[in-house]
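Presented below is the structure to which this report refers.
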Amino acid sequence: MSDFDFLDLFCGAGGLSRGFVDAGFRCTLALDHNEAAVETHRLNFDSPVESVDVTGLSDFPHVAVVVGGPPCQGFSSAGTRAVGDHRNTLVGWFAETIARIRPAAFVFENVEGFLTAEDGFHVFELLEPLIDSGYCVHVRKVNAANYGVPQHRKRVLAIGGLGWSPALPEPTHSAFGAPGAHLAARHLPYTPTLADALSGMPEPTSEPPGMPEDHYAARLGGIDLERALQLTPGQTMRDLPPNLQHESFRRRAFRRVMDGTPSDRRGGAPAGLRRLRPHEPSKAITGAARNEFLHPTADRFLTLRECARIQTFDDEFRFAGTPSERQQLIGNAVPPRLARVIAETLKQQLEQARPSTCGGRLLSFVPTMSIGMSPVLESITERVQRRFGLVASANEEQMTFWR
């Protein structure tokens, strides 16, 4: 194929678009219902972008690839996990839209909670329309740190080809600083650290807009400063004396861990506040990072620009909206560096793809990077294997991919 146009659904801040454009693709159209996301796309790309409720659309341009990450707040362990959240149904809409417009390939990205939300319902909601329409699909949980992103960011990728079998992008880096991270891709160079990501940053201003833009941080005072002064790199709210712990932290500190998913009734106590380690990849940047992550050496929170750097956005990339909206855009984005690795691998394959009329199938399903699984995830994996006829176990696929 010589056509490298793509459609970006739920484009957000444009992390997927940035990576695909940098890899030589052309964005035909980007769509999102969030005005700050749409304006952010306009600020950084020449391609058309529209603010629209995508579920009301039926006509789309012909493209080689459709990419997207339907809103994940209904699944995310970092936010409210709401069974029946109306945003969750966008996964099914995404799959059915691809099945209807039939691009040569698609890329889907979501948080790891996608796999177990509503007992795996959304996994089947994604896969069934696509495989029935002739797509050959990989589903895999990955850590963005294994692709050169300076943070431990676990996400689910689904990549499929219409009548042909794509390969998942091979890891480019080994990771460290998180449980089990050192087990994957150990022969590769280490991924950049937080210190690498923040290298060369000037002192932030105390007021916006900052230089570079969004590099500003309010001075801490009162109890916030007391907390910061007591935390060393790697320590969290748990390490503070009770009188300095936030009330909401204390309320949640005695919750039991049921399946690893926080809610009002289950899950462990959150970190709440954390001073990052400089010589390891960062913890995952979220929509709350600017209020929870302390700079590794300065007594202040990270700036928006530092969060963007950890997400691998360059300093010229501009974000629209209020500070809170910009933080959400940054925290929800696909890191452009990860997106570019995916896009470069896919582009090479599209150039050589020879689609056939053979039926769709699930090529692999690897829902964890570790050997063990929770009972919930093990049950879902067994159902996926039965439904789609997978022969190799998830652990066998995992060992083959990461060795």
### Message
Can you report the number of residues in the stretch 237-274 which are modelled with pLDDT of 75 or more and touching a strand residue (DSSP E or B) at 6+ places or on another chain (Cβ under 8 Å)?
### Response
4
## Note on the structure
A careful count of residues in the stretch 18-41 that are over 22 Å from Ala64 (Cα atoms) and in a helix (DSSP H, G or I) gives 6
### Task
Would you please list the contacts, defined by Cβ atoms under 9 Å and residues six or more apart or on different chains, that run from a residue in the stretch 350-375 that is touching a residue at least 60 places away in the same chain (Cβ under 8 Å) and in the same structural domain as Asn143 (by TED's automatic domain parsing) to a residue that is of a type in the set (Ser, Thr, Tyr) and exposed (fewer than 14 other Cβ atoms within 10 Å of the Cβ)?
Leu350/Ser2; Glu351/Ser2; Ser364/Thr400
### Task
Pick out the one residue from Arg277, Arg340 that is in the same structural domain as Leu43 (by TED's automatic domain parsing) and either at pLDDT 95 or above or among the aromatic types (Phe, Trp, Tyr) (or both).
Arg340
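So that you can scan it fast, the table gives a plain yes or no per residue for (1) surrounded by fewer than 18 Cβ atoms within 10 Å (Cβ to Cβ); (2) assigned to a loop (DSSP other than H, G, I, E, B):
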position	(1), (2)
Arg305	no, no
Phe317	no, yes
Ala320	no, yes
Arg340	no, no
Ala343	no, no
Leu346	no, no
Leu350	no, no
Arg354	yes, yes
Thr357	yes, yes
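Would you confirm whether or not the stretch 104-119 contains a residue that is surrounded by fewer than 19 Cβ atoms within 10 Å (Cβ to Cβ), outside any loop (DSSP other than H, G, I, E, B) and not polar (S, T, N, Q)? Talk me through it step by step, then tell me what you get.
Looking only at the stretch 104-119, we keep the residues that are surrounded by fewer than 19 Cβ atoms within 10 Å (Cβ to Cβ), and these are 118-119.
Checking which are outside any loop (DSSP other than H, G, I, E, B) leaves us with 118-119.
Within this subset, residues satisfying the condition of being not polar (S, T, N, Q) are 118-119.
Yes, the stretch 104-119 has at least one match.
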### Query
Any idea which of (1) touching a helix residue (DSSP H, G or I) at 6+ places or on another chain (Cβ under 8 Å); (2) modelled with pLDDT of 90 or more; (3) buried (at least 16 other Cβ atoms within 10 Å of the Cβ) is the one Arg361 doesn't satisfy?
(3)
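Taking the criterion of being surrounded by 13 or more Cβ atoms within 10 Å (Cβ to Cβ) and β-branched (Val, Ile, Thr), would at least one residue in the stretch 197-205 satisfy it? Don't jump to the end; show me each part of the working.
Step one: of the stretch 197-205, the residues surrounded by 13 or more Cβ atoms within 10 Å (Cβ to Cβ) are 197-198, 201, 204-205.
Adding the requirement that they be β-branched (Val, Ile, Thr) leaves 205.
Scanning the stretch 197-205, I find at least one residue that is surrounded by 13 or more Cβ atoms within 10 Å (Cβ to Cβ) and β-branched (Val, Ile, Thr), so the answer is yes.
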### Residue in the stretch 319-340 that is over 20 Å from the mean Cα position of the chain (by Cα) and closer than 30 Å to Leu168 by Cβ present
no
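Got a sec? Which of Asp85, Asp22, Asp59 is surrounded by fewer than 24 Cβ atoms within 10 Å (Cβ to Cβ), at pLDDT below 95 and more than 23 Å from Leu127 (Cβ to Cβ)?
On the way: Asp85 fails: more than 23 Å from Leu127 (Cβ to Cβ); Asp22 fails: at pLDDT below 95.
From the options Asp85, Asp22, Asp59, the qualifying one is Asp59.
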### Query
Inside the stretch 128-146, can you point out the residues that are farther than 21 Å from Leu350 by Cα, assigned to a helix (DSSP H, G or I) and of a type in the set (A, V, I, L, M)?
Ala144, Ala145
### Message
I'd like the residue in the stretch 364-386 that is in contact with a Gly (Cβ under 7 Å, 6 or more places away or on another chain) and in a helix (DSSP H, G or I) and, out of all such residues, is surrounded by the most Cβ atoms within 10 Å (Cβ to Cβ).
### Response
Ile380
### Task
With the checklist (1) polar (S, T, N, Q); (2) modelled with pLDDT under 95; (3) over 26 Å from Ala144 (Cα atoms) in hand, flag the one item Gln230 doesn't pass.
(2)
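The values are calculated or read from the model by the stated rules, or taken from the named source; none is laboratory data. Computed from a prediction, not measured in an experiment: that's the story for all the values here. As a convention, Cβ positions derive from the backbone with ideal geometry for all residues, glycine included, and neighbour counts pool all protein chains shown.
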